[in-house]
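Asker: Mind looking over this structure? Questions follow.
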Amino acid sequence: MIFKTAKINAFRTWGLLLTMAGMGLMVLGTAGIVFWGQAGKVVAGIGLVLGLITMMGSLGIYFWAGMLSTSAIQIQCPECSKQTKMLGKTDRCMFCKTILTLDPNAANVTAEELEAQQAAANSSTTTNL
Ligand SMILES: [Zn+2]
């Protein structure tokens, strides 16, 4: 995740982007019929299938995010005192983007140090949850 936001919000952003991309592909594919007539039908077919796959992917991400948010821990943000949800041991507040952690070892480091740690962890593993 490259966004400086809470993980749940990042999932939603990706889901939305994929939905938009899928719809865009479908619209473009259908527009192919208008522009190229008979030959455009092939383009339309490919566009519709790709768009459908993309939207299925976004559905999967939404579903995954929903599953994850049921296991997310609800806490009160110490910075803005709002109820927020966090995934994993470290996450950002959904409202003020403050980095929150459950890991006592990481609790007293600055945001910059934490990002360096996360970057190091991300390069060795593919998941960052
Ligand atoms: Zn907050």
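Asker: Would you mind getting the accessible area per residue of the stretch 16-129, heavy atoms of the protein chains only, 1.4 Å probe, in Å²?
Answerer: I get 67 Å² per residue for this part.
Asker: Now for a separate question. What is the local net charge at E79, summed over the other residues whose Cβ is closer than 14 Å to its Cβ (Lys, Arg +1; Asp, Glu -1)?
Answerer: Taking every other residue near E79 into account, the sum is +2.
Asker: Rg to Rh for the chain: what is it, with Cα atoms only and Rh by Kirkwood?
Answerer: 1.17
Asker: Looking only at trypsin sites (Lys or Arg not before Pro) in DSSP loops with at most 14 other Cβ atoms within 10 Å, what is the longest site-free stretch of the chain?
Answerer: Counting at most 14 other Cβ atoms within 10 Å as exposed, the longest clean stretch of the chain is 5-81.
Asker: Would you please state which residues of the stretch 1-43 a label at I53 would reach in this model, taking the label point 7 Å out along Cα→Cβ and a backbone N cut-off of under 13 Å?
Answerer: Within reach of a label on I53, which here means backbone N under 13 Å from a point 7 Å along Cα→Cβ, the stretch 1-43 contributes 22.
Asker: Could you pull out every whole DSSP H run in the chain that spans at least 27 Å of Cα extent along its own axis and averages 0.5 or higher on the Kyte-Doolittle scale?
Answerer: Answer set is 7-36, 40-70.
Asker: Please give the calculated 222 nm ellipticity per residue for the chain, where each DSSP H segment of at least 4 residues contributes -39500 (n - 2.57) and the sum is spread over every residue; nearest 500 deg cm²/dmol?
Answerer: Value at 222 nm, helices only: -20500 deg cm²/dmol.
Asker: I want the local charge near L68. Using Cβ-Cβ distances under 13 Å, sum +1 for each Lys or Arg and -1 for each Asp or Glu among the other residues.
Answerer: My count for the surroundings of L68 gives +2.
Asker: Mind ranking C96, C77 by accessible surface for me, highest first, 1.4 Å probe?
Answerer: Sorted descending by solvent-accessible area, the residues read C96, C77.
Asker: Give the lysines reachable from K89 as a straight Cα distance under 18 Å; neighbours fewer than 8 places away on the same chain don't count.
Answerer: Within the straight-line limit of under 18 Å, K89 reaches these lysines: K4, K7, K97.
Asker: Sum up the charges of everything whose Cβ sits under 13 Å from the Cβ of Q117, counting Lys and Arg as +1 and Asp and Glu as -1, but leave Q117 out.
Answerer: Result for the neighbourhood of Q117: -3.
Asker: Kindly provide the pair-distance distribution of the stretch 7-71 built from C-alpha pairs, with 10 Å bins from 0 and whole-percent values in order of increasing distance.
Answerer: So the P(r) values, bin by bin, are 25, 37, 21, 12, 4, 0.
The values are calculated or read from the model by the stated rules, or taken from the named source; none is laboratory data. Model, not experiment: these values are computed from the prediction. Ideal geometry is used to build each Cβ from the backbone, glycine not excepted, and the neighbour counts take in all protein chains shown. Surface areas here come from the heavy atoms of the whole protein model, side chains and all, with no ligands, DNA or RNA. Shrake-Rupley method; radii C 1.70, N 1.55, O 1.52, S 1.80 Å.
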